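Report on one structure; see the data block that follows.
The values are calculated or read from the model by the stated rules, or taken from the named source; none is laboratory data. These figures come from a predicted structure and were not determined experimentally. Here the Cβ positions follow ideal geometry from the backbone for every residue, glycine too, while neighbour counts run over all protein chains shown. We work out accessible area using only protein heavy atoms, side chains counted, and drop any ligands, DNA or RNA first. Shrake-Rupley method; radii C 1.70, N 1.55, O 1.52, S 1.80 Å.
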Amino acid sequence: MALKLSFLAMLLFLLLASTTKAHASVFDVTSATYGAKPGSDVSKALAKAWSDACASPSASKVVVPSGTYKLKEATFRGPCKAPIEMQVRGTLQAPADAGQLTRPDTWVGFQYIDMLTLSGGGTFDGQGALAWSQNDCHKNKNCKPIPVNLRFEFLTNSRVQDITSLNSKNFHMHVFRCNHTTFQHLTITAPDESRNTDGIHIGASTGINITHAKIGTGDDCVSIGDDSHQITVTDVTCGPGHGISIGSLGRYKEEKDVTGIIVKNCTLTNTQNGMRIKTWPDSPSPSIASYIHFEDIIMVNVSNSILIDQLYCPYARCDQKPPSKVKISNVSFKNIKGSSFTPLAVKLVFTRGIPCENVDLTDIDLTYSGNQGPLTSLCSNAKPTITSVIKALACATSSLTPLPLSKK
(Lines give C-alpha, C1' and ligand atoms only; values in the text may rest on other atoms or scores of the structure.)
Protein backbone atom coordinates (compact mmCIF):
# COMPACT_ATOMS: atom_id res chain seq x y z
CA MET A 1 0.00 0.00 0.00
CA ALA A 2 2.81 2.39 0.93
CA LEU A 3 4.62 1.66 -2.34
CA LYS A 4 1.42 2.26 -4.30
CA LEU A 5 0.87 5.62 -2.60
CA SER A 6 4.52 6.57 -3.21
CA PHE A 7 4.15 5.71 -6.90
CA LEU A 8 0.95 7.75 -7.18
CA ALA A 9 2.59 10.70 -5.44
CA MET A 10 5.53 10.59 -7.83
CA LEU A 11 3.16 10.34 -10.82
CA LEU A 12 1.23 13.35 -9.58
CA PHE A 13 4.47 15.30 -9.08
CA LEU A 14 5.62 14.57 -12.64
CA LEU A 15 2.22 15.51 -14.04
CA LEU A 16 2.21 18.79 -12.17
CA ALA A 17 5.80 19.55 -13.21
CA SER A 18 4.96 18.86 -16.85
CA THR A 19 1.83 21.01 -16.73
CA THR A 20 3.70 23.83 -14.98
CA LYS A 21 6.47 23.80 -17.58
CA ALA A 22 3.97 23.81 -20.43
CA HIS A 23 2.33 26.95 -19.01
CA ALA A 24 5.49 28.74 -17.92
CA SER A 25 5.38 32.52 -18.21
CA VAL A 26 7.87 33.80 -20.81
CA PHE A 27 10.03 36.89 -20.28
CA ASP A 28 11.70 37.72 -23.62
CA VAL A 29 14.46 40.31 -23.28
CA THR A 30 13.76 41.61 -26.80
CA SER A 31 10.08 42.28 -26.06
CA ALA A 32 8.81 45.84 -25.79
CA THR A 33 8.86 45.49 -22.01
CA TYR A 34 12.63 45.06 -21.86
CA GLY A 35 13.85 46.45 -25.21
CA ALA A 36 17.05 44.45 -25.79
CA LYS A 37 18.41 44.39 -29.33
CA PRO A 38 21.18 42.30 -30.98
CA GLY A 39 24.49 44.17 -30.96
CA SER A 40 23.62 46.18 -27.86
CA ASP A 41 24.35 45.69 -24.15
CA VAL A 42 21.54 43.62 -22.63
CA SER A 43 22.74 43.85 -19.02
CA LYS A 44 19.82 46.00 -17.79
CA ALA A 45 17.17 44.23 -19.86
CA LEU A 46 18.32 40.80 -18.71
CA ALA A 47 18.49 41.88 -15.06
CA LYS A 48 14.92 43.26 -15.21
CA ALA A 49 13.59 40.17 -17.01
CA TRP A 50 15.19 37.94 -14.38
CA SER A 51 13.77 40.00 -11.53
CA ASP A 52 10.27 39.76 -12.96
CA ALA A 53 10.56 36.04 -13.72
CA CYS A 54 12.00 35.22 -10.31
CA ALA A 55 9.07 36.98 -8.65
CA SER A 56 6.52 35.01 -10.65
CA PRO A 57 4.41 32.69 -8.47
CA SER A 58 4.36 30.10 -11.28
CA ALA A 59 7.12 28.59 -13.40
CA SER A 60 8.86 31.13 -15.62
CA LYS A 61 11.29 31.32 -18.51
CA VAL A 62 13.71 34.12 -19.41
CA VAL A 63 14.52 34.02 -23.13
CA VAL A 64 17.48 35.51 -25.00
CA PRO A 65 16.61 34.98 -28.70
CA SER A 66 19.07 34.24 -31.50
CA GLY A 67 21.60 36.97 -32.22
CA THR A 68 24.76 38.35 -30.65
CA TYR A 69 24.43 40.56 -27.58
CA LYS A 70 26.90 42.39 -25.36
CA LEU A 71 26.70 41.59 -21.65
CA LYS A 72 28.92 43.60 -19.32
CA GLU A 73 28.21 41.30 -16.35
CA ALA A 74 25.31 39.72 -14.52
CA THR A 75 24.43 38.00 -11.25
CA PHE A 76 21.10 36.19 -11.18
CA ARG A 77 20.09 35.71 -7.59
CA GLY A 78 17.31 33.78 -5.89
CA PRO A 79 15.48 32.46 -4.13
CA CYS A 80 12.73 32.53 -6.74
CA LYS A 81 9.08 31.83 -6.03
CA ALA A 82 8.83 28.94 -8.53
CA PRO A 83 10.99 26.90 -10.92
CA ILE A 84 12.82 29.17 -13.36
CA GLU A 85 14.54 28.62 -16.69
CA MET A 86 16.96 30.85 -18.55
CA GLN A 87 16.99 29.93 -22.20
CA VAL A 88 19.90 31.49 -24.08
CA ARG A 89 19.48 30.88 -27.80
CA GLY A 90 21.92 33.52 -29.00
CA THR A 91 25.46 34.54 -28.06
CA LEU A 92 26.30 36.66 -25.04
CA GLN A 93 29.70 38.40 -25.27
CA ALA A 94 31.77 39.53 -22.29
CA PRO A 95 33.95 42.65 -22.38
CA ALA A 96 37.43 41.78 -23.61
CA ASP A 97 38.90 43.86 -20.77
CA ALA A 98 38.22 42.19 -17.41
CA GLY A 99 38.89 45.52 -15.68
CA GLN A 100 35.38 46.66 -16.63
CA LEU A 101 33.73 44.21 -14.22
CA THR A 102 32.57 45.31 -10.78
CA ARG A 103 32.89 41.71 -9.50
CA PRO A 104 36.40 40.90 -10.74
CA ASP A 105 36.13 37.11 -10.32
CA THR A 106 32.79 36.56 -12.11
CA TRP A 107 31.24 37.46 -15.45
CA VAL A 108 27.89 35.63 -15.11
CA GLY A 109 26.72 34.21 -11.78
CA PHE A 110 23.73 32.23 -10.52
CA GLN A 111 23.14 32.15 -6.76
CA TYR A 112 20.69 30.72 -4.19
CA ILE A 113 18.26 29.14 -6.66
CA ASP A 114 16.22 25.95 -6.40
CA MET A 115 15.08 24.26 -9.62
CA LEU A 116 17.02 26.41 -12.09
CA THR A 117 17.38 25.31 -15.70
CA LEU A 118 19.97 27.03 -17.89
CA SER A 119 19.55 25.91 -21.50
CA GLY A 120 18.85 27.06 -25.05
CA GLY A 121 21.77 26.01 -27.28
CA GLY A 122 23.41 29.45 -27.01
CA THR A 123 26.94 30.58 -26.25
CA PHE A 124 28.61 32.45 -23.40
CA ASP A 125 31.67 34.03 -25.07
CA GLY A 126 34.18 35.17 -22.48
CA GLN A 127 36.52 36.82 -25.06
CA GLY A 128 39.47 35.73 -22.99
CA ALA A 129 42.50 36.31 -25.24
CA LEU A 130 43.60 39.55 -23.56
CA ALA A 131 43.23 38.06 -20.08
CA TRP A 132 45.28 34.98 -21.03
CA SER A 133 48.19 37.20 -22.14
CA GLN A 134 48.10 39.05 -18.80
CA ASN A 135 47.61 35.99 -16.56
CA ASP A 136 50.62 35.35 -14.32
CA CYS A 137 48.86 33.06 -11.83
CA HIS A 138 51.09 30.14 -12.88
CA LYS A 139 54.03 31.91 -11.22
CA ASN A 140 52.35 34.35 -8.84
CA LYS A 141 50.09 32.87 -6.17
CA ASN A 142 48.96 36.41 -5.29
CA CYS A 143 47.81 37.25 -8.80
CA LYS A 144 44.78 39.47 -9.46
CA PRO A 145 41.33 37.84 -9.69
CA ILE A 146 40.29 36.85 -13.20
CA PRO A 147 36.60 36.37 -14.02
CA VAL A 148 35.02 32.96 -14.41
CA ASN A 149 32.58 32.66 -17.32
CA LEU A 150 29.78 31.00 -15.34
CA ARG A 151 29.70 30.76 -11.56
CA PHE A 152 27.06 28.57 -9.87
CA GLU A 153 26.70 29.01 -6.12
CA PHE A 154 24.16 27.51 -3.70
CA LEU A 155 22.00 25.86 -6.37
CA THR A 156 19.79 22.85 -5.64
CA ASN A 157 17.87 20.48 -7.90
CA SER A 158 19.03 22.29 -11.02
CA ARG A 159 20.16 21.59 -14.58
CA VAL A 160 22.65 23.25 -16.91
CA GLN A 161 22.32 21.83 -20.38
CA ASP A 162 22.74 22.47 -24.10
CA ILE A 163 24.95 25.54 -23.84
CA THR A 164 28.47 26.48 -24.94
CA SER A 165 31.12 28.24 -22.89
CA LEU A 166 33.69 29.79 -25.21
CA ASN A 167 37.07 31.35 -24.47
CA SER A 168 36.60 32.04 -20.78
CA LYS A 169 39.16 34.33 -19.19
CA ASN A 170 39.51 31.90 -16.27
CA PHE A 171 37.55 28.76 -15.30
CA HIS A 172 34.61 28.20 -17.63
CA MET A 173 32.26 26.93 -14.92
CA HIS A 174 32.80 27.13 -11.18
CA VAL A 175 30.40 25.09 -9.04
CA PHE A 176 30.33 25.87 -5.31
CA ARG A 177 27.94 24.75 -2.55
CA CYS A 178 25.58 23.17 -5.06
CA ASN A 179 23.52 20.04 -4.42
CA HIS A 180 21.81 17.63 -6.79
CA THR A 181 22.64 19.49 -9.98
CA THR A 182 23.26 18.04 -13.44
CA PHE A 183 25.48 19.44 -16.19
CA GLN A 184 24.76 17.77 -19.52
CA HIS A 185 25.21 18.19 -23.27
CA LEU A 186 27.74 20.99 -22.85
CA THR A 187 30.47 22.28 -25.15
CA ILE A 188 33.38 24.00 -23.42
CA THR A 189 36.13 25.40 -25.63
CA ALA A 190 39.35 27.40 -25.27
CA PRO A 191 42.81 27.03 -26.89
CA ASP A 192 45.32 24.74 -25.21
CA GLU A 193 47.57 27.73 -24.48
CA SER A 194 44.87 29.51 -22.41
CA ARG A 195 45.95 29.42 -18.77
CA ASN A 196 43.70 28.34 -15.90
CA THR A 197 40.70 27.74 -18.14
CA ASP A 198 39.43 24.65 -16.31
CA GLY A 199 36.27 23.37 -17.96
CA ILE A 200 34.18 22.60 -14.86
CA HIS A 201 35.58 23.06 -11.36
CA ILE A 202 33.58 21.66 -8.44
CA GLY A 203 34.05 22.50 -4.78
CA ALA A 204 32.05 21.95 -1.58
CA SER A 205 29.21 20.30 -3.48
CA THR A 206 27.24 17.05 -3.26
CA GLY A 207 25.37 15.05 -5.87
CA ILE A 208 26.80 16.67 -9.00
CA ASN A 209 26.41 14.84 -12.30
CA ILE A 210 28.43 15.79 -15.40
CA THR A 211 27.48 13.84 -18.50
CA HIS A 212 27.73 14.01 -22.29
CA ALA A 213 30.07 17.00 -22.40
CA LYS A 214 32.73 17.95 -24.94
CA ILE A 215 35.54 19.85 -23.22
CA GLY A 216 38.76 21.23 -24.70
CA THR A 217 40.68 23.83 -22.69
CA GLY A 218 44.07 25.02 -21.48
CA ASP A 219 43.74 23.35 -18.08
CA ASP A 220 41.80 20.52 -16.41
CA CYS A 221 38.68 19.49 -18.31
CA VAL A 222 37.09 18.67 -14.97
CA SER A 223 38.62 19.43 -11.58
CA ILE A 224 37.18 18.45 -8.21
CA GLY A 225 38.17 20.37 -5.09
CA ASP A 226 37.77 19.74 -1.39
CA ASP A 227 34.47 18.96 0.37
CA SER A 228 33.05 17.35 -2.78
CA HIS A 229 30.95 14.19 -2.42
CA GLN A 230 29.02 11.88 -4.73
CA ILE A 231 30.32 13.39 -7.97
CA THR A 232 29.76 11.47 -11.21
CA VAL A 233 31.53 12.26 -14.49
CA THR A 234 30.41 10.16 -17.46
CA ASP A 235 30.59 10.28 -21.25
CA VAL A 236 32.94 13.26 -21.34
CA THR A 237 35.40 13.84 -24.18
CA CYS A 238 38.43 15.79 -22.99
CA GLY A 239 41.16 17.38 -25.05
CA PRO A 240 43.15 19.48 -25.32
CA GLY A 241 43.69 20.10 -21.64
CA HIS A 242 45.26 18.70 -18.49
CA GLY A 243 42.90 15.76 -18.06
CA ILE A 244 40.36 14.99 -15.33
CA SER A 245 41.69 15.80 -11.87
CA ILE A 246 40.84 15.33 -8.25
CA GLY A 247 42.47 18.33 -6.64
CA SER A 248 44.64 19.94 -6.10
CA LEU A 249 44.02 19.14 -2.43
CA GLY A 250 45.79 19.96 0.80
CA ARG A 251 46.90 23.50 0.04
CA TYR A 252 44.74 25.43 2.51
CA LYS A 253 43.98 25.15 6.19
CA GLU A 254 40.98 23.08 7.28
CA GLU A 255 40.18 21.63 3.89
CA LYS A 256 37.47 18.97 4.03
CA ASP A 257 37.38 15.42 2.69
CA VAL A 258 36.63 14.31 -0.87
CA THR A 259 34.60 11.10 -1.18
CA GLY A 260 32.50 9.17 -3.66
CA ILE A 261 33.91 10.20 -7.06
CA ILE A 262 33.12 8.14 -10.18
CA VAL A 263 34.66 8.90 -13.58
CA LYS A 264 33.42 6.51 -16.27
CA ASN A 265 33.12 6.11 -20.05
CA CYS A 266 35.34 9.08 -20.88
CA THR A 267 37.77 9.65 -23.76
CA LEU A 268 40.88 11.81 -23.43
CA THR A 269 42.85 12.95 -26.48
CA ASN A 270 46.23 14.76 -26.54
CA THR A 271 46.00 15.85 -22.90
CA GLN A 272 48.92 16.62 -20.56
CA ASN A 273 47.53 14.20 -17.99
CA GLY A 274 44.89 11.52 -17.94
CA MET A 275 43.17 10.51 -14.70
CA ARG A 276 44.90 12.40 -11.90
CA ILE A 277 44.78 12.90 -8.13
CA LYS A 278 47.03 15.73 -6.96
CA THR A 279 47.83 16.93 -3.45
CA TRP A 280 50.21 19.56 -2.14
CA PRO A 281 53.14 18.72 0.13
CA ASP A 282 53.29 20.36 3.56
CA SER A 283 49.49 20.43 3.97
CA PRO A 284 48.46 22.73 6.83
CA SER A 285 45.65 20.34 7.89
CA PRO A 286 44.93 16.60 7.49
CA SER A 287 42.15 15.45 5.16
CA ILE A 288 40.96 12.37 3.25
CA ALA A 289 40.44 11.53 -0.43
CA SER A 290 38.62 8.22 -0.63
CA TYR A 291 36.32 6.04 -2.73
CA ILE A 292 37.52 7.44 -6.05
CA HIS A 293 37.00 5.26 -9.10
CA PHE A 294 38.10 5.66 -12.73
CA GLU A 295 36.62 3.09 -15.11
CA ASP A 296 36.20 2.41 -18.85
CA ILE A 297 38.52 5.19 -20.01
CA ILE A 298 40.05 5.57 -23.49
CA MET A 299 43.37 7.40 -23.78
CA VAL A 300 44.58 8.74 -27.14
CA ASN A 301 48.14 10.06 -27.11
CA VAL A 302 47.89 11.10 -23.44
CA SER A 303 50.83 12.00 -21.18
CA ASN A 304 50.83 10.67 -17.60
CA SER A 305 47.76 8.55 -18.27
CA ILE A 306 47.37 7.33 -14.69
CA LEU A 307 48.77 9.70 -12.10
CA ILE A 308 48.58 10.08 -8.34
CA ASP A 309 50.87 12.93 -7.34
CA GLN A 310 51.24 13.86 -3.67
CA LEU A 311 54.16 16.15 -4.45
CA TYR A 312 52.18 18.61 -6.56
CA CYS A 313 53.66 22.12 -6.59
CA PRO A 314 53.21 24.14 -9.81
CA TYR A 315 55.11 27.29 -8.85
CA ALA A 316 58.68 28.03 -9.85
CA ARG A 317 60.00 27.94 -6.27
CA CYS A 318 59.31 24.39 -5.12
CA ASP A 319 61.84 23.46 -2.48
CA GLN A 320 61.58 20.07 -0.81
CA LYS A 321 58.82 20.26 1.81
CA PRO A 322 57.29 17.97 4.43
CA PRO A 323 54.89 15.30 3.20
CA SER A 324 51.28 15.88 2.24
CA LYS A 325 48.70 15.26 4.97
CA VAL A 326 46.01 14.11 2.56
CA LYS A 327 45.31 10.42 3.11
CA ILE A 328 44.35 8.63 -0.11
CA SER A 329 42.47 5.34 0.07
CA ASN A 330 40.02 3.12 -1.82
CA VAL A 331 41.04 4.25 -5.30
CA SER A 332 40.66 2.15 -8.44
CA PHE A 333 41.69 2.44 -12.06
CA LYS A 334 39.83 -0.16 -14.13
CA ASN A 335 39.65 -0.93 -17.85
CA ILE A 336 41.84 1.90 -19.07
CA LYS A 337 43.06 1.44 -22.62
CA GLY A 338 44.71 3.36 -25.42
CA SER A 339 48.02 5.08 -26.18
CA SER A 340 50.45 7.02 -24.03
CA PHE A 341 52.42 10.02 -25.32
CA THR A 342 55.09 9.47 -22.66
CA PRO A 343 56.94 6.25 -21.80
CA LEU A 344 56.02 6.70 -18.12
CA ALA A 345 52.31 5.88 -18.36
CA VAL A 346 51.54 4.99 -14.73
CA LYS A 347 52.94 7.08 -11.88
CA LEU A 348 51.74 6.66 -8.31
CA VAL A 349 53.63 8.95 -5.92
CA PHE A 350 52.21 8.82 -2.40
CA THR A 351 53.10 10.75 0.74
CA ARG A 352 55.69 9.23 3.06
CA GLY A 353 53.86 10.30 6.18
CA ILE A 354 50.44 8.68 5.68
CA PRO A 355 50.34 5.31 3.90
CA CYS A 356 47.82 4.84 1.09
CA GLU A 357 45.27 2.03 1.39
CA ASN A 358 43.35 -0.10 -1.13
CA VAL A 359 44.64 1.22 -4.44
CA ASP A 360 43.80 -1.08 -7.36
CA LEU A 361 44.95 -1.24 -10.97
CA THR A 362 42.82 -3.62 -13.08
CA ASP A 363 42.74 -4.27 -16.84
CA ILE A 364 45.19 -1.55 -17.82
CA ASP A 365 46.29 -1.75 -21.46
CA LEU A 366 48.30 1.23 -22.69
CA THR A 367 50.82 1.34 -25.52
CA TYR A 368 53.72 3.66 -26.32
CA SER A 369 55.27 4.00 -29.77
CA GLY A 370 57.66 6.90 -29.20
CA ASN A 371 61.46 6.92 -29.11
CA GLN A 372 62.06 8.07 -25.51
CA GLY A 373 62.50 4.58 -24.09
CA PRO A 374 60.32 1.62 -23.19
CA LEU A 375 56.85 1.79 -21.69
CA THR A 376 57.17 1.93 -17.91
CA SER A 377 55.53 2.71 -14.56
CA LEU A 378 56.62 4.05 -11.18
CA CYS A 379 55.25 3.65 -7.67
CA SER A 380 56.58 5.51 -4.65
CA ASN A 381 55.51 4.65 -1.10
CA ALA A 382 52.77 2.42 -2.52
CA LYS A 383 51.99 -1.23 -3.20
CA PRO A 384 48.82 -1.26 -5.27
CA THR A 385 46.83 -4.38 -6.03
CA ILE A 386 47.58 -5.35 -9.65
CA THR A 387 45.18 -7.43 -11.77
CA SER A 388 45.42 -8.07 -15.53
CA VAL A 389 48.09 -5.43 -16.09
CA ILE A 390 51.15 -5.97 -18.29
CA LYS A 391 54.47 -6.07 -16.44
CA ALA A 392 55.63 -2.71 -17.78
CA LEU A 393 52.65 -0.97 -16.16
CA ALA A 394 52.56 -3.02 -12.96
CA CYS A 395 54.82 -0.76 -10.89
CA ALA A 396 57.86 -2.94 -11.51
CA THR A 397 59.89 0.15 -10.67
CA SER A 398 59.21 1.35 -7.14
CA SER A 399 60.73 3.93 -4.86
CA LEU A 400 60.57 4.46 -1.14
CA THR A 401 62.74 7.58 -1.22
CA PRO A 402 61.60 11.19 -1.72
CA LEU A 403 61.09 12.25 -5.33
CA PRO A 404 61.42 15.77 -6.76
CA LEU A 405 58.33 17.91 -6.43
CA SER A 406 56.12 18.03 -9.51
CA LYS A 407 55.65 21.35 -11.30
CA LYS A 408 52.91 20.51 -13.81
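Here the relative contact order of the chain, from alpha carbon pairs under 8 Å that lie six or more residues apart, stands at 8 percent. Take every Cα pair under 8 Å whose residues are at least 6 apart in sequence, average their separation, divide by the length of region 69-115, and the relative contact order is 61 percent. Considering only Gln100, Phe76, Val26, whose Cα is most displaced toward the positive end of the charge dipole of the chain, charges sitting on Cβ of Lys, Arg (+1) and Asp, Glu (-1)? Comparing the listed Cα positions along the dipole, Gln100 ranks first. The mean of 1/r over all distinct Cα pairs in region 151-300, once inverted, gives the Kirkwood hydrodynamic radius of 15.0 Å.
Its Cα centre serving as origin, region 199-283 has a Cβ charge dipole (Lys and Arg +1, Asp and Glu -1) of approximately 220 debye.
Using R0 = 45 Å, the C-beta based FRET efficiency linking Arg177 and Ile390 works out to 0.55.
A dipole drawn for region 108-187 from +1 and -1 charges on Cβ atoms has a positive end, and of Cys178, Cys137, Leu118 the residue lying farthest that way is Cys137. The charge dipole of the chain, taken about its Cα centre with unit charges on the Cβ of Lys, Arg, Asp and Glu (plus for the first two, minus for the last two), comes to roughly 400 debye. Of the accessible area of the chain, computed with a 1.4 Å probe over protein heavy atoms only, carbon and sulfur atoms account for 54 percent. FRET efficiency for the pair Arg352 and His212, taken as 1/(1 + (r/R0)^6) with r the Cβ-Cβ distance and R0 = 41 Å, rounds to 0.50. For Val62, the amide hydrogen comes within under 5 Å of the amide hydrogens of Phe27, Glu85, Met86, Gln87, counting only partners 5 or more places away or on other chains and with H modelled in the peptide plane. Sorting the segments 180-188, 195-203, 343-351 by their mean number of nearby beta carbons within 10 angstrom, highest to lowest, gives 195-203, 343-351, 180-188. When the P(r) of region 20-166 is calculated, the portion above 26 Å amounts to 24% of the C-alpha pairs. In the full protein context, region 117-222 carries 36 Å² of accessible surface per residue, based on a 1.4 Å probe and ignoring ligands, DNA and RNA.
Eigenvalues of the alpha-carbon gyration tensor of region 122-185, scaled by 5 and square-rooted, set the equivalent ellipsoid semi-axes at 25, 16, 7 angstrom, largest first. The modelled label-to-label distance between Arg89 and Arg103, using points 7 Å beyond Cα along the C-beta direction, is 2.7 nm. Estimated from helices alone, the mean residue ellipticity of the chain at 222 nm is -3000 deg cm²/dmol (sum of -39500 (n - 2.57) over DSSP H runs with n ≥ 4, per residue). Label-to-label distance, Ser25 versus Asp296, with points set 7 angstrom from Cα along the beta-carbon direction: 4.4 nm. In the structure shown, the pairs Lys44/Lys144; Lys144/Lys334; Lys48/Lys256; Lys264/Lys391; Lys256/Lys347 are assessed against 30 Å; a Cα-Cα span above that value is assigned to Lys144/Lys334; Lys48/Lys256. For a straight C-alpha distance cut-off of 15 angstrom, the aspartates and glutamates reachable from Lys70 (same-chain residues fewer than eight places away being disregarded) are Asp41, Asp97, Asp125. Here the Kirkwood formula puts the hydrodynamic radius of region 96-146 at 13.4 Å, using every distinct Cα pair.
Using only side-chain charges placed at the Cβ, +1 for Lys and Arg and -1 for Asp and Glu, the dipole size of region 49-104 relative to its Cα centre rounds to 60 debye. Applying 0.36 nm per residue to the separation of Asp365 and Thr75 and subtracting their alpha-carbon distance, the gain on full extension is 99.8 nm.
Sequence neighbours fewer than 8 away in the same chain don't count; with that in mind, list the lysines whose C-alpha is under 23 Å from Lys139. Filter leaves Lys169, Lys253, Lys278, Lys321, Lys407, Lys408. Values of log10 I(q)/I(0) for the chain across q = 0.07, 0.09, 0.12 Å⁻¹ run -0.36, -0.58, -0.95, by the Debye formula with one identical scatterer at each alpha carbon and no solvent.
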